[in-house]
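I have placed the structure first, in the form of structure tokens, so that the comments after it can refer back to it.
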Amino acid sequence: MHKLGISVYPDKSDINEVYAYMEKAASLGFTRIFTCFLSVPDDERETYLKTTFKDFMKKAHELGFEVAADTNPEVFKLIGASPDNLKPFADLGLDIIRLDGNFGTQGDIAVTRNPYNIKIEFNASMDAGVELLINNGGNKDQIIMCHNFFP
């Protein structure tokens, strides 16, 4: 499955410029957005997620994008999520959680078994490997693999 995607950082750019870029990308057939919760300063992250990001997600979905956000265990803690509770991410409308870090084998398995159909994107060079996750109960329908990239 191949998809064209763009990388955007609504916390770092004028939101109207971000929306214009998204509209252009959508008109050219792009269907995926990568963004990053890790680039938002810790003291601004909670406010950003509850305001700017919710509006951003609404616009992204209106344009037909699925959105992946780079996150880690610290972000989970900040927004009240855990491997067994992805409701805070579902409430944001997030389609894919890109894990920068892990929760150990059992936690990584748990995060793939979420009832919100949120896909979990692991680093393709992770040590544990996707086979280990699937063989131990990970939901293969909610696992995506990709290599790191840097903007």
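The values are calculated or read from the model by the stated rules, or taken from the named source; none is laboratory data. If you're wondering where the values come from, they're calculated on a predicted model, not measured in any experiment. Here the Cβ positions follow ideal geometry from the backbone for every residue, glycine too, while neighbour counts run over all protein chains shown. These accessible areas exclude ligands, DNA and RNA; they are computed on the full protein's heavy atoms, side chains included. Shrake-Rupley method; radii C 1.70, N 1.55, O 1.52, S 1.80 Å.
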Given (1) closer than 30 Å to residue 135 by Cβ; (2) open to solvent by less than 50 Å² (accessible area, probe 1.4 Å); (3) in contact with an Asp or Glu (Cβ under 9 Å, 6 or more places away or on another chain); (4) part of a helix (DSSP H, G or I), residue 97 misses just (4)
Evaluate region 118-141: report whether one residue or more is assigned to a helix (DSSP H, G or I), of a type outside the set (D, E, K, R), in contact with a Leu (Cβ under 7 Å, 6 or more places away or on another chain) and under 27 Å from residue 22 (Cα atoms).
-> no
Within region 7-22, residues surrounded by 13 or more Cβ atoms within 10 Å (Cβ to Cβ) and within 13 Å of residue 59 (Cβ to Cβ) come out as 8, 10, 15, 18, 19, 21, 22
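Quick one: which residue in 86, 63, 78 is of a type in the set (A, V, I, L, M) and within 17 Å of residue 42 (Cβ to Cβ)?
Working: 86 fails: within 17 Å of residue 42 (Cβ to Cβ); 63 fails: within 17 Å of residue 42 (Cβ to Cβ).
Within the list 86, 63, 78, the selection yields 78.
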Go through region 29-50 and give me each residue that's open to solvent by 20 Å² or more (accessible area, probe 1.4 Å) and either over 19 Å from residue 86 (Cα atoms) or at pLDDT 90 or above (or both).
-> 29, 30, 31, 32, 34, 39, 41, 42, 43, 44
Consider residue 54 against the criteria (1) surrounded by 15 or more Cβ atoms within 10 Å (Cβ to Cβ); (2) under 14 Å from the mean Cα position of the chain (by Cα); (3) farther than 16 Å from residue 99 by Cα: it satisfies all of them except one. Which criterion is unmet?
-> (1)
